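Structure, as structure tokens:
Each value in this text was obtained by applying a stated rule to the coordinates, not by laboratory testing. Fair warning: this is a prediction, and the values are worked out from it, not measured in the lab. Cβ sites come from the backbone with ideal geometry, for glycine too, and all protein chains shown count toward neighbours.
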Amino acid sequence: MGNLEIKNKIIELLFPEKLPSIESIEGKYPARTLDPGAMVTRIAPSPTGFMHLGTVYTALINARLAHQSQGVFFVRIEDTDKKREVAGAIKVVTDALDHYHLNADEGEGKDGVETGAYGPYKQSDRAEIYQAYVKKMLEDGLAYPCFATSEELDEMRQQQEAENIRPGYYGQWAVWRDKSGEEILEVLENKKPFVIRFKSNGDWNTKIKIKDLLLGERELSENDQDIVILKSEGLPTYHMAHVIDDHLMGTTHVIRGNEWFASLSLHVQLFAAMNWSAPSFGHIFPIQKMEGASKRKLSKRKDPEANVEYYDEHGYPVDGIIEYLLNLANSNFEDWRKANPDMDNREFALSIKKLANSSGPLFDFEKLHNICKDKISKYSADKVYSETLVWAEKHDQDLFALLNDNSDYVKRILDIERGNALKPRKDVAKWSDVRTELEYFFDHKFKLSKSEALELLGGLEESVIKNIVGSFKTSFDENDDKDAWFAKIKLVAEANGFALNTKDYKANPENFQGSVADVAKIFRVLLCGKVQTPDLHSIIQVMGKDRVFKRLNII
């Protein structure tokens, strides 16, 4: 049997099933017809657990870059590592992307529904495509079967470590690379398990220059590893699968985590081996957080806020999270938002250059809360009500019942210092905060004893408080507007020895019991159980005379 016959027999034994031709595959994936400069980007998560905030961050960047260039953003599920796949994790990914309005133009969508002409977008459904290309690589001498067992590979690694040699399957360690056709055929006929390896032509001692969109021009060693490109179960490794997919799907820009930068010389080499143009690559630094005086990557194991479900459980508004992530991506977003307070954030032009200037965005809860408070402060009472109702039905049944059974009253509460207010209230950063801002309006939730009230009003004598409350009740009229109401408060204050403004009180504290602000504080405490509240006149109007007088009788 001649060498060509042996080679063909080997390939036939490696791939006994009929595979589609390369020509037919390429014909199903025509070049995209897009305007010059249009970017085709993707997010390609593996279904190996929960959805990391960093994945949403990366998806947001890819989606915005594609859409602002009139391009295409797609979702591909990289599920070829079946050992690490977690049941239900694909749904976690697609639900999270849907929740954050990062709906792709193509790819795996919510409820497992795919859209787009370049699928399948789940790698486990593309096995024949990968096998066809790997078969072609075998025919072209770019790959070979390897029968090394896991025990043999472990022994090889141990020997490399013992000799302080760079680990891997390369050079003299690539023991199956140069086996004869006869040797390979004999092993194959004995049904021994195998993988297919890439036959690298790289030299580790040769440096290549690669321009990264975010990291700039970097120097890397050529890849000389004969990496596995097709596993024993017939699925490819990430390295091979993403190269084939990005070629067929017309990806122009791969924006991914910087943990993949070390593999870039391999990926570029694989594109070159296939005679394909490689996309432009950009590697994003991960979201970090402070631990003591140093920074570290936001961790799945250590940090609950790394999981996007954390934000749903606490009720952070979606557009608040998105604006926070845009702020992490481009430092000029905050100035843009100040200059364009009412503009849709999709009008903001995300800059690759600004991304490149980041050495790793730093997670900051205070900043997140401030952004979310600002967003919610601009919502109508109806929107706050509906968003909180949806959240509470899933996460807080007690609050849901309170909202559902008292919708009109709750909306009036939520409307305080909202809408046309000069200084809209900013006391809610997430829907779980709404409970605190509602409960004191309900008698069955409001618990304040006389001793607790006096403690909050420390320094004021009980007799003085009673006099003020009595005077207020005598003059109270539900029809008073805010100016008329406050004029009466000032009269009550003055009659009981309180200064009409804080300035006069501070100038001569010995002449007064306090200021009119201390008088208002009495009503805040007795009505709300707090020393700081939203607009007091609005609170009284919403509560109504009966509830107000009942609470004032505590003292």
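Values as computed for the structure displayed
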| item | result |
| --- | --- |
| Too-long pairs where the Cα-Cα distance tops 26 Å, listed order kept, from Lys136/Lys179; Lys473/Lys521; Lys191/Lys231; Lys28/Lys122 | none |
| Label selected from (1) 92, 64, 52; (2) 115, 46, 44; (3) 74, 58, 47, the criterion being Cα extents along the principal axes in Å as computed here | (2) |
| Sites Arg84 and Glu17 - FRET efficiency at Förster radius 25 Å, r taken between beta-carbons, to 0.05 | 0.45 |
| Alpha-carbon centroids, the stretch 350-380 and the stretch 448-465: separation in whole Å | 42 Å |
| Where N is the number of residues in the stretch 417-555, Cα Rg divided by 2.2 N^0.38 Å | 1.07 |
| Lysines with Cα under 16 Å of Lys445, excluding same-chain neighbours fewer than 8 positions away | Lys530, Lys550 |
| Debye log10 I(q)/I(0) at q = 0.23, 0.25 Å⁻¹ for the stretch 18-91, Cα point scatterers | -0.99, -1.04 |
| Signed unit charges on C-beta, dipole axis of the chain, positive-most listed residue Asn496, His369, Val72 | Asn496 |
| Among the listed pairs Lys211/Lys302; Lys300/Lys354; Lys91/Lys192, those beyond 30 Å (Cα-Cα) | Lys211/Lys302; Lys91/Lys192 |
| In order through the stretch 114-126: 3J(HN,Hα) via Karplus (6.51 cos²θ - 1.76 cosθ + 1.60), integer Hz, x for Gly, Pro | 8, 10, x, 9, 10, x, x, 9, 10, 4, 5, 8, 10 |
| In the stretch 465-548, the GluC sites (Glu not before Pro) that fall in loop regions by DSSP, at most 14 other Cβ within 10 Å | Glu478 |
| Counted charge near Ser359, where neighbours are those whose Cβ lies closer than 13 Å (Asp, Glu -1; Lys, Arg +1) | +3 |
| Unit charges at the beta carbon, dipole of the chain: most positive-side option, Gly292, Thr33, Met249 | Gly292 |
| Highest to lowest packing among 281-294, 226-239, scored as the average C-beta count within 10 Å | 226-239, 281-294 |
| Dimensionless Rg/Rh of the stretch 219-336 - Kirkwood Rh, Rg from C-alpha atoms | 1.06 |
| Sorted peptide list for 189-197, 128-136, criterion being average Cβ within 10 angstrom, highest first | 128-136, 189-197 |
| Alpha-carbon spread of the stretch 135-194, three principal axes, descending order, Å | 35, 25, 16 |
| Asp382-Glu219 FRET efficiency (beta carbon distance; Förster radius 56 Å; 0.05 resolution) | 0.45 |
| Projected label distance in nm at Lys447 and Glu233, using a 7 Å step from Cα toward the beta-carbon | 5.4 nm |
| Förster-model FRET efficiency, 60 Å R0, Lys207 and Met343, C-beta, rounded to 0.05 | 0.80 |
| Most to least packed among 368-379, 159-170, 407-418 [average Cβ atoms within 10 Å] | 368-379, 407-418, 159-170 |
| Assigned charges on the beta-carbon of Lys, Arg, Asp, Glu; the stretch 1-81 dipole about Cα centre (debye) | 220 debye |
| Hits among aspartates and glutamates - C-alpha to C-alpha of Lys373 under 13 Å, sequence gap 8 or more where chains match | Asp319, Glu323, Asp427, Asp433 |
| Top positive-direction residue, dipole computed over the chain with Cβ charges, set Trp336, Leu456, Gly2 | Leu456 |
| Radius ratio Rg over Rh of the stretch 307-418, counting only Cα atoms, Kirkwood formula for Rh | 1.05 |
| Amide H contacts of Asp212 (H built 1.01 Å from N, under 5 Å, at least 5 apart or other chain) | Glu217, Arg218 |
| Integer Hz, Karplus 6.51/-1.76/1.60 couplings in order for the stretch 295-303, x for Gly and Pro | 9, 8, 5, 4, 9, 4, 7, 8, 10 |
| Simple label model, 7 Å out from Cα along Cβ direction - Ser24 to Asp398, nm | 6.4 nm |
| For the stretch 433-509, projected area of the alpha-carbon convex hull averaged over all directions, nm² | 7.3 nm² |
| Cα-centre dipole for the chain with unit charges at Cβ (Lys and Arg positive, Asp and Glu negative), debye to 20 | 1260 debye |
| Stretch gain in nm, segment Glu494-Leu34, where the contour uses 0.36 nm per residue and the Cα spacing is subtracted | 158.2 nm |
| Candidate aspartates and glutamates - alpha carbon under 15 Å from Lys411, same-chain residues fewer than 8 apart omitted | Asp382, Glu387, Glu437, Glu439 |
| Computed label-point distance, nm, for sites Met156 and Glu461 using a 7 Å Cα→Cβ extension | 9.3 nm |
